[in-house]
Amino acid sequence: MTHGPTLEAIRDEYTEELKVTFYPQLYLQRRIWILDVMRAEKVTKVLDIGCGEGQLLAVLCQPAPWLSPPPAHILPTLPEESTNSAEKYNDEIPNIHPTHVMGLDISSNDLEFAVQGTAPQPEMELDKDGDYCSAKFSSVNPRWEDLDVKIWKGGLEVINEDFVDIECIVSSEVIEHLPPNIFPAFAPVILGVYHPRLFLITTPSYTFNARFTAPMASPSARKGYPDPTRRTDRIFRHSDHKFEWSVDEFQKWCDVTARDWGYEVKVSSVGRAIEVDEWGRDTELGGASSVAVFKQCEMDGREQRGREILQALQLNTRPHDLLAHHRHPAHIYSKKPRSLEEIGLKVKEKLEEFREGLVRVEELWFERDIAVLCGGWIEMLTRAVEQSSFLALKRSEEGMRDRRADWTIELVGGVARSKEYWPKEEDSSMDTIPFDWISGGEAEGSEWEWGESTDMDGDVSRNESEVEDDLEDDSSLWSNRNQWAKTEEDTGILKPSGWGNMIDWAEVDDSDIYNSGEISTAGWDGDESENTS
């Protein structure tokens, strides 16, 4: 009689964790998920509780490339408006237009980076006429809307009156780090006292942790951190985690919390491994981070009830410290466009300067003087082109998707090339050599005898490259030592990190407006570091 391998023998074959990686990295997927919700909900006022080093805040401080479409008194609707009209150029990928951004954390070290990362960047100087000085150059895009930024230090269990009635609160990879005495204040303060219109939360999914080992692997194969509270025999992703909820546990907490505080909630997850699970568990285990959107419903008395519960808990009452208050002013000519005729002439001038007869709309828009003439409204540019007799707006070709990013502007008749025998001082291209010039020949009527060829061995061109450093989601621990923790990971290596990672790509029903579908990612549960919270 033949016997199969014993359980011990099978386990001996699976003594190591499985390779689990994500792309984009998991912290980016969570952040993208947050930003997608904000775009869909047109959020303008945001509080990040557990902001850490301020990676999400820094993204929100980046100016939108252009304003929302102008009102009718600025740019009247064309009578022949159709589905191909350029009336709303920027409706393909909505931009976020924040006006107030705030961050809260208790780690002084992390907040130093948050203060620096949200500070205004120097722009080009303006002369007395409001034009940019040619001697100054900056890669910072013009800001078309005022932005107010505040960075606070303090515990979430302390009420900050500046946060009451805020439009949107984000809490990413924070709740699992709360000490037992602070956890009861989480919902009463955020959903009760502050009662935002939207509350976005993410937390590691314990259900997904099974993905790190084979189903028949020995328990010792799982590398991680035992439950520090000893309430369970679970292995967590981070040493400071007080708990990690399964999918069902997170769903139950969301449902009860939403009901108690007058919200409706939508639960999903983000973060699927690149590698296909050979045991077919990917669908069952879901994403590495559980996420939820809470939307406010009508309810009376929630703020007062939240204050009463917090008072009964008798927790820390030290007021938050305001570490920085940044004001990002809008450009002096924001929402003050010039005439369509003047904009059209400037476009023609630019095309001739470029020696290009066809240029993408967005490429031209990022010429600062063009954007300034338009007052920050890209619709002013497209309308000026449409109404010009010497310009033409070229949309996507017939039969192809109408992608506004592919629209181009054409100079009717092309670019006229002047007969310049020598380049200007700033030019060094072969394009400046006149068409009738012959290498090694004589200049007609010239007194000079050219003994040798004056062929150009090559042209000199300027090649600039920019290297963009990836944002890293570092963390600040919020443990019993009073530090908020936040984690990131892109491999199976676990290391402690900090508090409040940024969230990104969503994975849920196709009908869910906030989800971007299934996406593979790299990293575990946090930034580019190798942490796995």
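Could you tell me whether PHE199 is part of a helix (DSSP H, G or I) and either touching a Leu at 6+ places or on another chain (Cβ under 6 Å) or open to solvent by less than 10 Å² (accessible area, probe 1.4 Å) (or both)? So PHE199 fails the test.
Conditions tested, residue by residue: (1) touching a Ser or Thr at 6+ places or on another chain (Cβ under 8 Å); (2) free of Cβ contacts under 8 Å to residues at least 40 places away in the same chain.
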{"residue": "GLU349", "(1), (2)": "no, yes"}
{"residue": "GLU353", "(1), (2)": "no, yes"}
{"residue": "ARG360", "(1), (2)": "yes, no"}
{"residue": "PHE366", "(1), (2)": "no, no"}
{"residue": "ALA371", "(1), (2)": "no, no"}
{"residue": "ILE378", "(1), (2)": "no, no"}
{"residue": "GLU386", "(1), (2)": "no, no"}
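Can you find a residue in the range 261-279 that is assigned to a helix (DSSP H, G or I) and touching a helix residue (DSSP H, G or I) at 6+ places or on another chain (Cβ under 9 Å)? Give the steps one after another, and end with the answer.
Quick first cut of the range 261-279, residues assigned to a helix (DSSP H, G or I) only: 261.
Then keep just the ones that are touching a helix residue (DSSP H, G or I) at 6+ places or on another chain (Cβ under 9 Å); that gives 261.
Scanning the range 261-279, I find at least one residue that is assigned to a helix (DSSP H, G or I) and touching a helix residue (DSSP H, G or I) at 6+ places or on another chain (Cβ under 9 Å), so the answer is yes.
Inspect all residues belonging to the range 59-68 and state whether any of them is open to solvent by less than 20 Å² (accessible area, probe 1.4 Å), hydrophobic (A, V, I, L, M, F, W, C), in a helix (DSSP H, G or I) and modelled with pLDDT of 95 or more. Looking through the range 59-68, at least one residue is open to solvent by less than 20 Å² (accessible area, probe 1.4 Å), hydrophobic (A, V, I, L, M, F, W, C), in a helix (DSSP H, G or I) and modelled with pLDDT of 95 or more.
Can you give me the number of residues within the range 20-35 that are among the hydroxyl-bearing types (Ser, Thr, Tyr) and open to solvent by less than 10 Å² (accessible area, probe 1.4 Å)? Even if it seems obvious, please write down each step before you answer.
The initial filter retains those residues of the range 20-35 that are among the hydroxyl-bearing types (Ser, Thr, Tyr), namely 21, 23, 27.
Keeping just the survivors that are open to solvent by less than 10 Å² (accessible area, probe 1.4 Å) gives 27.
Number of matching residues: 1.
Against the numbered list (1) open to solvent by 30 Å² or more (accessible area, probe 1.4 Å); (2) at negative phi, GLY280 comes up short only at (2). Do we find that LEU60 is more than 28 Å from ARG222 (Cα to Cα) and free of Cβ contacts under 8 Å to residues at least 60 places away in the same chain in this structure? Judged against the criteria, LEU60 is a match.
Within the range 367-382, the set of residues being touching an Asp or Glu at 6+ places or on another chain (Cβ under 9 Å), open to solvent by less than 10 Å² (accessible area, probe 1.4 Å) and assigned to a helix (DSSP H, G or I) comprises ILE378, GLU379, THR382.
Contact map, the range 317-328: first residue farther than 18 Å from CYS51 by Cα and in a loop (DSSP other than H, G, I, E, B), second residue at pLDDT 95 or above and open to solvent by less than 60 Å² (accessible area, probe 1.4 Å), Cβ cut-off under 9 Å, separation 6 or more or different chains; pairs are THR317/GLU157; THR317/VAL158; THR317/ILE159; ARG318/GLY154; ARG318/GLY155; ARG318/VAL158. The condition of being closer than 30 Å to GLY103 by Cα, at pLDDT 95 or above, over 23 Å from the mean Cα position of the chain (by Cα) and basic (Lys, Arg) holds for only one of ARG327, ARG302, ARG338, that being ARG302. Within the range 113-127, residues that are surrounded by 14 or more Cβ atoms within 10 Å (Cβ to Cβ) have Cβ atoms under 7 Å from residues that are at pLDDT below 75 and β-branched (Val, Ile, Thr) in these pairs: GLU123/VAL140, counting only partners at least 6 apart in sequence or on another chain. For beta carbons closer than 6 Å, sequence separation of 6+ or different chains, a first residue in the range 251-277 that is touching a residue at least 60 places away in the same chain (Cβ under 8 Å) and a second that is open to solvent by 40 Å² or more (accessible area, probe 1.4 Å) and of a type in the set (S, T, N, Q), the qualifying pairs are TYR263/GLN296; ARG272/SER520; ILE274/SER520. From the list ASP227, ASP233, the lone residue that is in contact with a Lys or Arg (Cβ under 7 Å, 6 or more places away or on another chain), among the acidic types (Asp, Glu) and surrounded by fewer than 23 Cβ atoms within 10 Å (Cβ to Cβ) is ASP227. Considering the range 162-194, the residues that are among the acidic types (Asp, Glu) and closer than 21 Å to VAL43 by Cβ include one that is surrounded by the most Cβ atoms within 10 Å (Cβ to Cβ), namely GLU173.
Right, LEU393: in a helix (DSSP H, G or I), over 25 Å from GLU145 (Cα atoms), open to solvent by less than 80 Å² (accessible area, probe 1.4 Å) and touching a residue at least 40 places away in the same chain (Cβ under 8 Å) or not? Here the answer is no, as LEU393 does not meet what is asked.
The values are calculated or read from the model by the stated rules, or taken from the named source; none is laboratory data. Everything quoted here is computed from the prediction, not taken from an experiment. All Cβ positions, glycine included, derive from the backbone under ideal geometry; neighbour counts span all protein chains shown. In case anyone asks, the SASA skips ligands and DNA or RNA and just uses the protein heavy atoms, side chains included. Shrake-Rupley method; radii C 1.70, N 1.55, O 1.52, S 1.80 Å.
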